[in-house]
Amino acid sequence: MRVRWFILTSLLVASTAFADGLKLGYVDLQRALNDSEAGKKAKDEFKVQVDKVQAGLKKKKDAIDALKEQLDKKALVMKDEERGNLEEDYRKKMRDFERDYKDSQTDLQQKDSELTGAIIKDLQEVIRDYGERENYTMIFEASSTAVLYGAKSSDLTASILEEYNRKHKK
């Protein structure tokens with residue numbers, strides 16, 4: 001019985017000593033990404049690209065809709081060959097539009113990953129440097145499913161944002 005008590009006491013003393021030196025924090029990377037100067041600039045740049053792609057797709061879609069309307073209105077009075085050619089043209093343009101739409105979505109996702117990936121990498125470097133300098137044992141990502149609760153006093157996002165913006169000011 002004495003041995004169990006001794007082991008239990010030793011474990012409690014060790015865990016208390018360990019907890020005293022433990023310093024934890026968390027960062028909301030999504031907020032840091034969205035609120036950083038570089039993140040805002042990347043978001044604006046991405047929006048310009050999205051708007052440009054959407055405008056091009058809208059122009060193509062309007063042309064297809066006009067062709068469909070022409071086909072619907074005049075199909076009954078057209079010769080079979082003429083109607084067949086117009087229907088084939090419509091199907092081809094629709095197929096091309098769908099392919100362009102898919103390609104543009106893939107391109108936009110890749111561009112978004114490129115723009116945000118570089119910022120996330122830089123943020124991770126700032127977080128690592130901050131953690132080492134401020135003697136943190138661990139810094140978690142706030143939206144991770146592993147962090148179920150975090151006291152506001154442990155939220156390092158504002159400090160990381162400030163340091164990131166200062167370091168990456170151009």
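None of the figures in this text is laboratory data; all of them are computed from the coordinates on show. Every value quoted in this text rests on a predicted model; they were computed, and no experiment measured them. Here the Cβ is made from the backbone with ideal geometry for all residues, glycine too, and neighbour counts use every protein chain on show.
The label-point distance for TYR90 and GLU162, in a model that sets each label 7 Å from Cα toward Cβ, rounds to 6.3 nm.
Taking Cβ atoms as reference points and 15 Å as the exclusive limit, the residues near ARG128 contribute a net charge of -3, counting Lys and Arg as +1 and Asp and Glu as -1. For the chain, the longest principal axis of the Cα atoms and the long axis of helix 80-133 meet at an angle of about 20 degrees. Based on the Cβ-Cβ distance from GLN54 to GLU81, what FRET efficiency comes out when R0 is 45 Å, to the nearest 0.05? The pair GLN54/GLU81 has a calculated efficiency of 0.80. In terms of its alpha-carbon gyration tensor, region 107-170 comes out oblate; a/c meets the 1.5 threshold, while b/c is at least as large as a/b. Taken along the Cα-to-beta-carbon direction at a fixed 7 Å, the label points for LYS47 and ARG99 span 3.4 nm.
Placing unit charges on the Cβ atoms only, positive for Lys and Arg and negative for Asp and Glu, gives the chain a dipole magnitude near 220 debye about its Cα centre. Projecting the Cα atoms of ALA75, GLY131, ALA38 onto the charge dipole of region 23-167, computed from C-beta unit charges around the Cα centre, puts ALA75 farthest toward the positive end. Calculated on the alpha-carbon coordinates, the convex hull of region 23-167 measures out at 131 cubic angstrom per residue.
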